[in-house]
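S.K.: This structure is in structure tokens; I'll ask about it shortly.
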Amino acid sequence: MTSLRQTTFPRQTKRMASVQTPVIPIVSELIRNSPGTISLGQGVVNYGPPNTVTATIERFFNDPNNRLYQPVQGIRALRELLTEKLQNENGILLDNTNRLVVTAGSNMGFMNAVFTITDPGEEVILLTPYYFNHEMAIAIADAKAVCVPTDALFQPQPEAIISAITARTRAIVTISPNNPTGAVYSEEALRTINSICRDYSLYHIHDEAYEYFTYNGAKHFSPGSIAGSAEYTISLFSLSKAYGFAGWRVGYMVLPEHLYLGVKKVQDTNLICAPVISQWAAVGALGAGADYCRKHIEKLSEVRRAVLERLNTVRDLITVVPTQGAFYFFIRINADVDMMALTERLIREFKVAVIPGATFGVRVGCFLRISYGALDPQTVSDGINRLVRGLHAIVGK
């Protein structure tokens, strides 16, 4: 009998082979092998959720129906609070033109969107530096990420975006405040990109996970609030950062009505609904409101200021764009140094970890992402001092 077997195990699809390996687990393994390392890599905050979540989690346990699956789009109590928040804080009105879906983090919202709006081989425009999970999601969907560089201040370049549009383009992705750069896009820039999407019949996917994290008077703007934009604007939000429960996996998305069924198909297949206990925790967090987040962000702004001052002492070695959002600086090393090799040496020799810029789509020059949000102020200070010493020793020779 002739065997039909054409390959041997293990086998990986070409599609998955094209997906980059997440760098954070790699850096985490380096950290584990170098005890005492201070990590300036993790993109989370150092505070936890408000006490108001306790009562709503108890409410979860007191209702036996909560052990069952809940609606794919999210529990009613949470959707009602989010509807109010979107209108009051973001200027996004939910009506018969758009829909709200609760997701297991904004990453799931992005996956939902990409699988719903793209066919294999179609294109999604990302602005570089990009958030690596966005690029990975596009590859997993068998679509193609088309990268358009931002300017020297990490701001969008509308003409470059227009030049990248082809007949296969399906969406333009923006993130503001930005991961990994910390850049806050102006209302004018976001309105321009949104109008480009309208004129070229594209979707505008806008990630607002860091919406509360702005400094020095910078203003956050939601493109989903633009009149007439509901038909083509997809807005992604997260409670992970602002409310300090990244591991509880709760986000939400606002999408055009005509995409609602497709998104429900994707989410129902993937996990059915966001974890119900986490949704009830989100109800409690929203009860505390944005003021809870802002008081912590005020403290974080002081950490940000101290980090920037320390980085400014090595201006001969690095270029720092003092962006006004999130909790990152994306620094350029003023030398011809391999990013991953530099990262490994900083961990091994100076006990400080950062994230190499290559994972964010930067292929020219040497960039590092520094996060100052995950640690207490003194530990951040110690970590930055180690980074400065390491840069002097490795780059300043």
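The values are calculated or read from the model by the stated rules, or taken from the named source; none is laboratory data. Everything numeric here is computed off the predicted structure, so don't read it as measured data. All Cβ positions, glycine included, derive from the backbone under ideal geometry; neighbour counts span all protein chains shown. Heads up: the accessible areas ignore ligands, DNA and RNA and are worked out on the full protein's heavy atoms, side chains in. Shrake-Rupley method; radii C 1.70, N 1.55, O 1.52, S 1.80 Å.
S.K.: Residues that are among the small types (G, A, S), under 23 Å from P275 (Cβ atoms) and not in a helix (DSSP H, G or I): does segment 68-75 have at least one?
M.R.: Looking through segment 68-75, at least one residue is among the small types (G, A, S), under 23 Å from P275 (Cβ atoms) and not in a helix (DSSP H, G or I).
S.K.: Within segment 285-296, track down each residue that is open to solvent by less than 10 Å² (accessible area, probe 1.4 Å) and touching a Pro at 6+ places or on another chain (Cβ under 7 Å).
M.R.: Scanning segment 285-296 gives a single hit, A285.
S.K.: Which condition breaks for S28 when tested against (1) assigned to a loop (DSSP other than H, G, I, E, B); (2) surrounded by fewer than 17 Cβ atoms within 10 Å (Cβ to Cβ)?
M.R.: (1)
S.K.: Which pairs have Cβ atoms under 7 Å, sit 6 or more apart or on different chains, and link a residue in segment 241-255 that is closer than 19 Å to T214 by Cα to one that is in a helix (DSSP H, G or I)?
M.R.: Listed pairs, sorted by first residue: A242/C293; Y243/A285; Y243/C293.
S.K.: Considering segment 265-281 alone, what residues qualify as being β-branched (V, I, T) and either in contact with a helix residue (DSSP H, G or I) (Cβ under 7 Å, 6 or more places away or on another chain) or open to solvent by less than 40 Å² (accessible area, probe 1.4 Å) (or both)?
M.R.: Result: V266, V276, I277.
S.K.: I'm trying to understand the selection: among the residues of segment 31-67, which are β-branched (V, I, T), in contact with a strand residue (DSSP E or B) (Cβ under 7 Å, 6 or more places away or on another chain) and in a loop (DSSP other than H, G, I, E, B)?
M.R.: T37
S.K.: Okay, next question. Return the pairs, sorted by first residue and then second, in which the second residue is polar (S, T, N, Q), the first residue lies in segment 31-60 and is over 17 Å from D376 (Cβ atoms), the beta carbons are less than 6 Å apart, and the residues are 6+ apart or on different chains.
M.R.: Pairs that qualify, where the first residue is over 17 Å from D376 (Cβ atoms) and the partner is polar (S, T, N, Q), are I31/T37; I31/S39; F60/N66.
S.K.: Please tell me if G361 is open to solvent by less than 60 Å² (accessible area, probe 1.4 Å), closer than 30 Å to N51 by Cβ and out of contact with any helix residue (DSSP H, G or I) (no Cβ under 6 Å at 6 or more places or on another chain).
M.R.: It is false that G361 is open to solvent by less than 60 Å² (accessible area, probe 1.4 Å), closer than 30 Å to N51 by Cβ and out of contact with any helix residue (DSSP H, G or I) (no Cβ under 6 Å at 6 or more places or on another chain).
S.K.: Please indicate, with yes or no, whether at least one residue in segment 234-242 is open to solvent by 30 Å² or more (accessible area, probe 1.4 Å) and either at pLDDT below 95 or in a loop (DSSP other than H, G, I, E, B) (or both).
M.R.: Scanning segment 234-242, I find at least one residue that is open to solvent by 30 Å² or more (accessible area, probe 1.4 Å) and either at pLDDT below 95 or in a loop (DSSP other than H, G, I, E, B) (or both), so the answer is yes.
S.K.: Now a separate question. Restricted to segment 308-342, and to residues that are without any contact (Cβ under 8 Å) to a residue 24 or more places away in the chain and not aliphatic (A, V, I, L, M), which residue is nearest to A218 (Cα to Cα)?
M.R.: Going through the qualifying residues, I end up with P322.
S.K.: Then there is this: Mind checking which residues of segment 58-94 are open to solvent by less than 70 Å² (accessible area, probe 1.4 Å) and either within 18 Å of S225 (Cα to Cα) or basic (K, R) (or both)?
M.R.: R79, L81, L82, T83, K85, L86, N90, G91, I92, L94
S.K.: Any residue in segment 251-258 that is at pLDDT 95 or above, open to solvent by 10 Å² or more (accessible area, probe 1.4 Å) and in a loop (DSSP other than H, G, I, E, B)?
M.R.: No, every residue in segment 251-258 fails to be at pLDDT 95 or above, open to solvent by 10 Å² or more (accessible area, probe 1.4 Å) and in a loop (DSSP other than H, G, I, E, B).
S.K.: Filter segment 333-358 for residues that are of a type in the set (D, E), outside any helix (DSSP H, G or I) and either open to solvent by less than 40 Å² (accessible area, probe 1.4 Å) or out of contact with any strand residue (DSSP E or B) (no Cβ under 8 Å at 6 or more places or on another chain) (or both) and give the result.
M.R.: Listed by number, the list is empty, since nothing qualifies.
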